[in-house]
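Asker: Here it is, the structure, as structure tokens.
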């Protein structure tokens, strides 16, 4: 599974990590819905840490598309919130 | 995967396919995509130049403020020595304002430094990908045979297209942050123009009464000290210097 951390780069991750990543992602979304900024920051940091720890960085000249793309590590609570309404992180 | 990652993936993929759907012929798609990549690389270079400019501007302001802090401190001492506590207070007030601004500029310069480094890293990454794409595109063109080539094109183009979208996002974020710092730099410049940190003896068009008073006091004390020197040389103790009479 190839995962990109936006603005950072791509990593090759064992498929086994997908479930854990998904679990954290759902938790982060729930935290945003509940307006729990601290919990969001905590879970989102865990997602980034998981990819960086378990993943193997892809070479600069690798032209693979990603299976999953995570928002930038410096995503704020307000930005995460905007993800669920409006334009998302990359408006046209 | 739904949620943050899912939404992010969908948005990026939609953006990439929109970019690639414009051309129909595979060879044309390759060329179009390559041309876009070169454009993006130029934008990244321009973005780096902008960050460097902002950083230099803030650094220049930091230096100016540092000089003003020293100058205002000296002037406060002079004013106090001359017995004008009010002016000494004004100079110290300006010194404090300058110090506060100085402290807020330091972390911003550091942040711009970090952005510059990450944008240079991004540029390097994008350049490697574009190089790889260029090689791959020529191979595909040479071996072009219908369906098989189409698949390879979309693989390579999607990969590099995703990278472009991502570098674009990184640039956008860096530029947004730089905008805030530019606004900050402009605000400090405004304060500077308004004379908030000025050397209080410097008379310009915007000089206020306090500036003038202190300039007069400084020059008056210069005259006074010269007079006392002369008096000491002459060994006589005449009356108070007549220069005080000429003041408003």
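Asker: Cα-Cα pairs above 20 Å in chain A: how many percent?
Answerer: Here the long-distance tail beyond 20 Å is 35 percent of all Cα pairs in chain A.
Asker: Hey, can you rank A:3-9, B:58-64, A:15-21 by average C-beta count inside 10 Å, highest first?
Answerer: The peptides rank, most packed first, as A:3-9, B:58-64, A:15-21.
Asker: Further question: Starting from 0 in steps of 5 Å, tell me what percent of the Cα-Cα pairs of the range B:36-181 lands in each bin.
Answerer: Going from the shortest bin to the longest, the percentages are 2, 9, 14, 12, 10, 9, 8, 7, 6, 5, 4, 4, 3, 2, 2, 1, 1, 0, 0.
Asker: For peptide B:75-81, how many partner chain Cβ atoms fall within 10 Å of a residue's Cβ, on average?
Answerer: 0
Asker: Angle between the Cα long axis of helix A:17-33 and the longest principal axis of chain A, 0 to 90 degrees, nearest 10?
Answerer: Between helix and principal axis, roughly 20 degrees.
Asker: Mind checking the mean number of beta-carbon atoms from other chains within 10 Å of the Cβ atoms in A:10-17?
Answerer: 1
Asker: Here is a follow-up. Calculated from DSSP H runs of 4 or more alone, at -39500 (n - 2.57) each and per residue, what is the 222 nm mean residue ellipticity of chain A, nearest 500?
Answerer: About -14500 deg cm²/dmol.
Asker: If you don't mind, another one. Would you mind getting me the FRET efficiency between residue A:1 and residue B:60? Use the beta-carbon distance for r and R0 = 51 Å, nearest 0.05.
Answerer: With a Förster radius of 51 Å, E is 0.60.
Asker: Once you average over the residues of A:55-65, how many Cβ atoms of partner chains fall within 10 Å of each Cβ?
Answerer: Mean number of neighbouring Cβ atoms from other chains: 6.
Asker: Compute the helix-to-body angle for A:37-54: its Cα long axis versus the longest principal axis of chain A, expressed 0 to 90° and rounded to tens.
Answerer: 0 degrees
Every read-out reported here was derived from the displayed coordinates using simple, explicitly stated rules and does not represent laboratory data. Computed from a predicted model, the values in this text were never measured in an experiment. Every residue, glycine as well, gets a Cβ built from its backbone with ideal geometry; the counts of neighbours run over all protein chains shown.
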